[in-house]
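Only one structure is covered here, and it is reproduced in the block below.
The values are calculated or read from the model by the stated rules, or taken from the named source; none is laboratory data. Owing to the predicted nature of the structure, the values given are computational and were not obtained by experimental measurement. Glycine gets a Cβ as well: all are built from the backbone with ideal geometry, and neighbour counts include every protein chain shown. Surface accessibility is based on the protein's heavy atoms, side chains included, excluding ligands, DNA and RNA. Shrake-Rupley method; radii C 1.70, N 1.55, O 1.52, S 1.80 Å.
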Amino acid sequence: MPDAIVGRGVVVSRGSSVAVGASDFTVPSGCITAIIGPNGSGKSTLLHAIAGLLPVSAGELSVLGTSPDEGQRGVSYVLQYTTVPVGTPLTVAETVMMGRYPRLRLLGRPTREDRSIVADAMARLEIADLARRHLTELSGGQRQRVYVAQGIAQEHQMLLLDEPLTGLDLVSARTIDGIIHEEPARGCTVVLTTHDLAEARAADHVILMGGRVIAAGPPHEALTRDNLVSAYGLGALHDTDLEVPDFPTEHHDHTHEHGGERGF
């Protein structure tokens, strides 16, 4: 199966500043890929470029076989934070249905299939009982589950998530974590950003950022002490969160186990 994303010499700028220096990387299809690095390392910038929200300044970036600026069919992107203006009349069901809009013809009405897909998405995110509630009546974790439901209601081959578990209550975090691990079994490639090494180690594939892609590959290959020092600096490794596991030095078959309390 071809890689879902291929980057060769990719450079991404924000204004006049280079946010991601020349980088080579790949993202395998049908797997969970975690993009990790310290604040300001280019994690979200790279994710925005993959989503087609930021242009590539140099190099080549292929997403699902096409350039992001050619339109991202099959890519669903869930933002970390979405501000809901006070008084917004949208209900949960209406918000999730917006994920189906790209398929609807101008002024078209949702079909029975659309409604079924939306109902399934709400059930998977455990928000079916909130269907008639307005977004402004929900907690932050509930709203994030709504937006993830909207994302998976779209027709997608790839799901992009920007720090999807940051600051969430336990129920919402576990529910979204379940979606992250279920989607590859449905044939979807999942790419997420995180600042948590434990989350990155639980992924199938890792992209380590430090102003550029420092390493990309399975966690035991990408998250070595040398690579982490390059990304975070030597002093940061004294932080408990950056403790480096004793990965074997010889190649072996690496089997990732999902589930339990580890998860994402």
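Descriptive notes on the structure:
- Long-range HN-HN contacts of L90 with modeled amide H, under 5 Å: L135
- Area of D129 that stays accessible when all protein chains are in place (1.4 Å probe, Å², to 10): 130
- In order along segment 18-23, phi translates into HN-Hα couplings of 7, 8, 10, x, 3, 9 Hz, rounded to whole numbers, per the Karplus curve 6.51 cos²θ - 1.76 cosθ + 1.60 with θ = phi - 60° and x for Gly and Pro.
- Of the residues S230, S76, the one with the largest accessible area comes first in the ranking S230, S76, computed with a 1.4 Å probe on protein heavy atoms.
- Alpha carbon centroid spacing (whole Å) that separates segment 128-179 from segment 6-22: 30
- Within the shell of other residues whose beta carbon sits under 14 angstrom from the beta carbon of S44, the net charge comes to 0, with Lys and Arg scored +1 and Asp and Glu -1.
- Amide H contacts of I35: L192, T193, T194, I207, each under 5 Å away and 5 or more positions distant or on a separate chain (H built 1.01 Å from N in the peptide plane; Pro and chain starts excluded).
- When T26, T45 are compared by accessible area of protein heavy atoms, the largest-first order is T26, T45, using a 1.4 Å probe.
- Distant-in-sequence amide H partners of A215 (H built 1.01 Å from N, under 5 Å): L208
- Cα-centred dipole magnitude for segment 103-162, charges only on beta-carbon of K, R (+1) and D, E (-1), debye, nearest 20: 260
- The candidates C188, C31, arranged from most to least accessible area with a 1.4 Å probe in the full protein assembly, appear as C31, C188.
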